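The values are calculated or read from the model by the stated rules, or taken from the named source; none is laboratory data. Because the structure is predicted, anything quoted here is derived from the model rather than measured. No Cβ is skipped: glycine too gets one built from the backbone with ideal geometry, and neighbour counts run over all protein chains shown.
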Amino acid sequence: MERLFRGIHKFHGSHFKKEEEFFRRLAMRQTPEVLFITCADSRVDPNLVTQSKPGDLFIVRNVGNVIPPYNAIKDKNSVAAALEFAVHILKVSDIIVCGHSNCGAMKFLYEDESVLQGLSHLKEWIALAEPVKRHVEQFYPDISKVQRERITEKENILEQLRNIETYPFVASALHEGRVYLHGWYYDIGKGDILCYDPMSDKFERMPPQTKDNG
Ligand SMILES: [Zn+2]
């Protein structure tokens, strides 16, 4: 905690002081264009990897970047609340589901029951991603444990993209071209983000951006 307290003072005394005008304007309103849904994992930092600023990303984080299907949780679904906020009020143009390498949540899917014994909330939450495990076991029967982890992390991103579409207001926004969906995979050790390409059905490296196309 000491380190965080020191950080707060450092932030206020240097970064904030230099950017005071930016923060004063930011305090008035937020206008993010992107809803960024990712894992609670401490190694994933959306602003760092996208080199974006406060105000750029409306961020939802939870264990395993899971979007419960529309009917899976009737109420008190915080992801659904964030989706409504982002789509209806902030009117974001893009929704990114960003999974990552070495995801502990995805490993839990294959753990023995006893590992999550007494952790009922975690167990129920992880169970929302069970279809991913079933899919991987069916379509990739002969792979190593490490390969299975990487494939599960990626398949989970695709599953959550499908889950988002079960929300009628998101489905309408997609249909009307008001919102675009993206699946990203953050490789922590390589510092790389791969983007799902529906044409190739693969996670591909993003092409380098030139000044012309932003
Ligand atoms: Zn994770």
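Mind counting the residues in segment 153-182 that are touching a residue at least 40 places away in the same chain (Cβ under 8 Å) and in a helix (DSSP H, G or I)? It would help to see each step written out before you state the result.
The first filter runs over segment 153-182 and keeps only residues touching a residue at least 40 places away in the same chain (Cβ under 8 Å), leaving 153-154, 156-157, 160-161, 163-164, 166-170, 173, 178-182.
So of that shortlist, the ones also in a helix (DSSP H, G or I) come out as 153-154, 156-157, 160-161, 163-164, 168-170, 173.
Residues meeting the conditions: 12.
Could you list all residues from segment 48-59 that are exposed (fewer than 11 other Cβ atoms within 10 Å of the Cβ) and assigned to a helix (DSSP H, G or I)?
Leu48
Of the numbered conditions (1) modelled with pLDDT of 95 or more; (2) away from the ligand (no atom under 13 Å from the Cβ); (3) of a type outside the set (Lys, Arg); (4) not in a helix (DSSP H, G or I), Val79 satisfies every one except a single condition; which is it?
That leaves (4) as the condition not met.
Identify the residue in segment 60-76 that is surrounded by fewer than 17 Cβ atoms within 10 Å (Cβ to Cβ) and more than 14 Å from the ligand (Cβ to nearest atom) and, among all such residues, is nearest to Glu20 (Cα to Cα).
Looking only at segment 60-76, we keep the residues that are surrounded by fewer than 17 Cβ atoms within 10 Å (Cβ to Cβ), and these are 61, 71-76.
If we keep only those that are more than 14 Å from the ligand (Cβ to nearest atom) as well, we get 71-76.
Working: Asn71: 44, Ala72: 43, Ile73: 41, Lys74: 42, Asp75: 39, Lys76: 36 Å.
Ranking the qualifying residues of segment 60-76, first place goes to Lys76.
For segment 16-55, which residues satisfy the criterion of being among the acidic types (Asp, Glu) and over 28 Å from Leu128 (Cβ atoms)?
Glu19, Glu20, Glu21
In the set Val92, Val115, which member is β-branched (Val, Ile, Thr) and at pLDDT below 95? Don't jump to the end; show me each part of the working.
Details: Val92 fails: at pLDDT below 95.
Sole residue among the options that is β-branched (Val, Ile, Thr) and at pLDDT below 95: Val115.
Looking at Val115 and the list (1) in a loop (DSSP other than H, G, I, E, B); (2) free of Cβ contacts under 8 Å to residues at least 40 places away in the same chain, which single condition is not satisfied?
Tallying (1) in a loop (DSSP other than H, G, I, E, B); (2) free of Cβ contacts under 8 Å to residues at least 40 places away in the same chain, Val115 fails exactly one: (1).
Within segment 87-116, count every residue that is of a type outside the set (Val, Ile, Thr) and over 14 Å from the mean Cα position of the chain (by Cα).
Step one: of segment 87-116, the residues of a type outside the set (Val, Ile, Thr) are 88, 90-91, 93-94, 98-114, 116.
Checking the rest, the ones that are also over 14 Å from the mean Cα position of the chain (by Cα) come to 88, 90-91, 93, 102, 104, 107-114, 116.
The total comes to 15.
Just to be sure before I move on: is Ile95 surrounded by 19 or more Cβ atoms within 10 Å (Cβ to Cβ), at negative phi and away from the ligand (no atom under 16 Å from the Cβ) in the structure I sent?
On the way: surrounded by 19 or more Cβ atoms within 10 Å (Cβ to Cβ): yes; at negative phi: yes; away from the ligand (no atom under 16 Å from the Cβ): yes.
Judged against the criteria, Ile95 is a match.
Filter segment 1-47 down to the residues that are within 16 Å of the ligand (Cβ to nearest atom) and either surrounded by 10 or more Cβ atoms within 10 Å (Cβ to Cβ) or assigned to a helix (DSSP H, G or I) (or both) and list them by number. Step through it out loud before you land on a result.
Keep residues of segment 1-47 that are within 16 Å of the ligand (Cβ to nearest atom), which gives 36-46.
Phe36, Ile37, Thr38, Cys39, Ala40, Asp41, Arg43, Val44, Asp45, Pro46, listed by residue number.
Among the residues of segment 131-146, is any in contact (Cβ under 8 Å) with a residue 60 or more places away in the chain and either away from the ligand (no atom under 14 Å from the Cβ) or part of a helix (DSSP H, G or I) (or both)? Steps first, answer last, please.
Taking segment 131-146 first, the residues in contact (Cβ under 8 Å) with a residue 60 or more places away in the chain are none.
Looking for residues that are in contact (Cβ under 8 Å) with a residue 60 or more places away in the chain and either away from the ligand (no atom under 14 Å from the Cβ) or part of a helix (DSSP H, G or I) (or both), one finds none in segment 131-146, hence no.
Mind checking which residues of segment 162-189 are over 18 Å from the mean Cα position of the chain (by Cα) and exposed (fewer than 11 other Cβ atoms within 10 Å of the Cβ)?
Pro168, His175, Glu176, Gly177
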